[in-house]
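Here's the structure, in structure tokens; my notes come after.
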């Protein structure tokens, strides 16, 4: 199988803005160079009539959390207009390498082309205008603005949200919890604990800034060096008691590296905590929302009763013997979330591990360009990419989502994040092969494949 990617449509044509009868014209001042950006508004009736018209693209410009399902900015219903793509105004604020190239690729992937009529909607009167300014600077002219509140207030109009959108939370929801509120999907009778996941002692990252009240978890605590494999169930039991976790807690995992947050979240779910969530976009999302990080050290409070057996969710993580048995069944698919070069055995991906290759039968599941990136599954602000685009990646590798999907990577970090995204999307027949390629290849008796699949 040659390496496949989502087809990108080249952007080229710039059309003159025609005067339509759909809506009245309005002008917004661009932030740069004082350029006057001309946009139109569109009525709900006209928008509804354009949803199946291929010459129109409907774009959700809000935070991706709102697109996923959260009721932000006071909207009556969470989620997005059925058929809408996402291009968040928040992406425009990100300071990232190759930012413009990444944004242009997103426009191409979502078919937001200059020859299309583009409807930009929001719920706060700001996001759509910001994206309109940006698109105008790129040569787009057929731009329309729409207030999502009109659509959300009409229960007869279709909106979509991810089945388990609450598993990844926006910064504003975490802030509400800190302010003593009970946001949607949270139970006021539950004890909410905020933790920060990062590698190393507090001085490495935690002390430089974390979400207020967060208690630091060194990832080495659950996967000790030198090989960083998941620790024994007995040691994981000591870990949860040391931190005072109980099975009935609600835990929100934050951190500077979202991959570490998802790794710890997966371990906590395996241990048996019933409600584990992750701050979508990590600490950067918190700062982007206008909130301050704190540097004080918040100490863990040990406990003596988890309230259930450990692990409480043993089926979430596969051992090597379990994996070997499941690979005998065609209804199970091992999804390899490593870079292409790791998958074909060109490189190991790790400085401390020199064995190269893949597990026979593993299907290339995309990830990123290296063992520490996951850009195939993330937006530019490190939030979850939209589900349709993730499914398109899997379709290109002929991954059958009706199968039981077992996600793996090098040692469990990347795969834990992808596993969570799959769960957010509503794919619950899933698990994590936590030890990954490193665990498998450490045993010389295990079979290995290299090169492109035939």
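Scanning the stretch 432-448 for residues that are surrounded by 15 or more Cβ atoms within 10 Å (Cβ to Cβ) and more than 20 Å from residue 228 (Cβ to Cβ) yields a count of 1.
Candidates are the residues of the stretch 218-230 that are farther than 18 Å from residue 202 by Cα and surrounded by fewer than 17 Cβ atoms within 10 Å (Cβ to Cβ); the one that is modelled with the highest pLDDT is 226.
On inspection, residue 236 passes the criterion of being touching a helix residue (DSSP H, G or I) at 6+ places or on another chain (Cβ under 6 Å), surrounded by fewer than 23 Cβ atoms within 10 Å (Cβ to Cβ) and part of a helix (DSSP H, G or I).
In the stretch 150-158, the condition of being in contact with a helix residue (DSSP H, G or I) (Cβ under 9 Å, 6 or more places away or on another chain), buried (at least 18 other Cβ atoms within 10 Å of the Cβ) and either over 26 Å from residue 420 (Cα atoms) or at pLDDT 95 or above (or both) is met by at least one residue. List every residue pair whose Cβ atoms sit under 6 Å apart, with the two residues 6 or more apart in sequence or on different chains, where the first one lies in the stretch 236-247 and is under 12 Å from residue 310 (Cα atoms) and the second, anywhere, is assigned to a helix (DSSP H, G or I). Pairs that qualify, where the first residue is under 12 Å from residue 310 (Cα atoms) and the partner is assigned to a helix (DSSP H, G or I), are 236/271; 239/221; 240/271. Which numbered condition in (1) in contact (Cβ under 8 Å) with a residue 60 or more places away in the chain; (2) part of a helix (DSSP H, G or I); (3) over 24 Å from the mean Cα position of the chain (by Cα); (4) surrounded by fewer than 16 Cβ atoms within 10 Å (Cβ to Cβ) is the only one that residue 315 fails? Of the numbered conditions (1) in contact (Cβ under 8 Å) with a residue 60 or more places away in the chain; (2) part of a helix (DSSP H, G or I); (3) over 24 Å from the mean Cα position of the chain (by Cα); (4) surrounded by fewer than 16 Cβ atoms within 10 Å (Cβ to Cβ), the odd one out for residue 315 is (3). Taken together, 85, 94 contain a single residue that is under 13 Å from residue 60 (Cβ atoms), surrounded by fewer than 23 Cβ atoms within 10 Å (Cβ to Cβ) and at pLDDT 95 or above, which is 85. Residues satisfying the criterion are present in the stretch 206-217 (criterion: within 21 Å of residue 384 (Cα to Cα) and at pLDDT 95 or above). Report yes if some residue within the stretch 417-429 is surrounded by fewer than 19 Cβ atoms within 10 Å (Cβ to Cβ), in a helix (DSSP H, G or I) and without any contact (Cβ under 8 Å) to a residue 60 or more places away in the chain; otherwise report no. There is no residue in the stretch 417-429 that is surrounded by fewer than 19 Cβ atoms within 10 Å (Cβ to Cβ), in a helix (DSSP H, G or I) and without any contact (Cβ under 8 Å) to a residue 60 or more places away in the chain.
For the stretch 241-280, give me each residue that is on the phi > 0 side of the Ramachandran plot and out of contact with any helix residue (DSSP H, G or I) (no Cβ under 7 Å at 6 or more places or on another chain). The answer is 244, 272.
Within the stretch 220-233, the set of residues being outside any loop (DSSP other than H, G, I, E, B) and either more than 25 Å from residue 351 (Cβ to Cβ) or in contact with a strand residue (DSSP E or B) (Cβ under 6 Å, 6 or more places away or on another chain) (or both) comprises 233 only. Contact map, the stretch 84-113: residues that are free of Cβ contacts under 8 Å to residues at least 60 places away in the same chain and at negative phi paired with residues that are part of a loop (DSSP other than H, G, I, E, B) and surrounded by 16 or more Cβ atoms within 10 Å (Cβ to Cβ), Cβ distance under 6 Å, separation 6+ or inter-chain. Pairs shown: 89/61.
Does residue 40 satisfy the condition of being out of contact with any helix residue (DSSP H, G or I) (no Cβ under 9 Å at 6 or more places or on another chain) and either assigned to a strand (DSSP E or B) or within 17 Å of residue 172 (Cβ to Cβ) (or both)?
Details: out of contact with any helix residue (DSSP H, G or I) (no Cβ under 9 Å at 6 or more places or on another chain): yes; either assigned to a strand (DSSP E or B) or within 17 Å of residue 172 (Cβ to Cβ) (or both): yes.
Yes; evaluated as a whole, the condition is true for this residue.
Looking at the stretch 197-216, which of its residues are more than 15 Å from residue 413 (Cα to Cα) and assigned to a strand (DSSP E or B)?
Going residue by residue through the stretch 197-216, those that are more than 15 Å from residue 413 (Cα to Cα) are 200-216.
Hits for the stretch 197-216 are 210, 215, 216.
The values are calculated or read from the model by the stated rules, or taken from the named source; none is laboratory data. What you see is a predicted model, and the numbers here were worked out from it, not measured in a lab. All Cβ positions, glycine included, derive from the backbone under ideal geometry; neighbour counts span all protein chains shown.
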